[in-house]
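The values are calculated or read from the model by the stated rules, or taken from the named source; none is laboratory data. All of these numbers come straight from a predicted model, not from anything done at the bench. Glycine also receives a Cβ, built like all others from the backbone with ideal geometry; neighbour counts cover every protein chain displayed.
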Ligand code: SF4
């Protein structure tokens, strides 16, 4: 056994080594050695995760949030306009219809997401149980900071903390009502209860490459299993309204450095329709799942085919489909009350097709 294991110097040496690795990776991002990072990350990803890419779908529970003060968030621009929050809740039938369609298409439910205060814990648990039955897979939660995790059981796979920005100073300014300490406490509780742990990060909120040390420290110390990266989507009526989205190679560099640092981490990356060209580089940088698509608006369109081609030309195999109408129409009806909602979503997808055929 190496001498270090018997020495008090070991923890100090280990910390110094870790810091050195962090600094090297950050230096590579800052000196634009992105291609080098991506090459290394791609090698690691193929070795650790294989060549499959999943399509991920966050299912939203509501369009209202009792906090409503995160500086980048669409819901922060809506809070004052919504007088009756109960009406901003989605019907359970529409949620279950969406779960059924994601199953038919071979997509994953990335997580169940909702603004604070929209649903109670027993309501969320019931919804998760039904989705678990529909998809056959336990659900990830992303429903805000909660201490009620012991209410959940086998219907839950993991718990997500919406960290958004890991630099504590920046975080307090951008998300004043979601304390980082509380998020970490919730994730630790999730781990104690046997659930997996995930976080979400948004790039483009004002962070710098040096801030990656906060993110990596959190992944390491909390034992995070999965990270979803998004890029800023500048919403009207927020302070980011006129801010640019992060550069594609900066986004890819951050993902690649994170992949090199954490070979086994599950990494999902989010891309809007206006940035589909990011998908290929993000996959090469280490993403094994892609998300943030307006599924029913995009299904079967040229945008959907483009997303599939991005995966193809990254040399990967896509799990599930974004274009196969047969798969969309084939499946069970979980409950007669859900059927009209399934029909409505399918009609929306078919309408995309007929609009394209007209063109
Ligand atoms: S807590 Fe979540 S939903 Fe609420 S304002 Fe912040 S980011 Fe938006």
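Observations on the model:
- Qualifying residue in region 82-99 (condition: within 15 Å of the ligand (Cβ to nearest atom) and assigned to a helix (DSSP H, G or I)): yes
- Checked against (1) closer than 24 Å to residue 219 by Cα; (2) away from the ligand (no atom under 13 Å from the Cβ); (3) over 14 Å from the mean Cα position of the chain (by Cα), residue 120 meets all criteria but (1).
- Selection from region 84-120 of residues that are surrounded by 22 or more Cβ atoms within 10 Å (Cβ to Cβ) and modelled with pLDDT under 85: 114, 115, 118
- Residue check: residue 41 meets all listed conditions (1) modelled with pLDDT under 95; (2) in contact with a helix residue (DSSP H, G or I) (Cβ under 6 Å, 6 or more places away or on another chain); (3) more than 16 Å from the ligand (Cβ to nearest atom) but one, namely (1).
- Only residues that are more than 16 Å from the ligand (Cβ to nearest atom) and either under 27 Å from residue 242 (Cα atoms) or free of Cβ contacts under 8 Å to residues at least 12 places away in the same chain (or both) were counted in region 186-206, giving 2.
- Considering region 46-70, and only residues there that are near the ligand (Cβ under 9 Å from one of its atoms) and out of contact with any strand residue (DSSP E or B) (no Cβ under 8 Å at 6 or more places or on another chain), the residue that is modelled with the highest pLDDT turns out to be 69.
- In region 159-185, the residues that are within 12 Å of the ligand (Cβ to nearest atom) and surrounded by 17 or more Cβ atoms within 10 Å (Cβ to Cβ): 160, 161, 162, 163, 164, 165, 171, 174, 175, 178, 183
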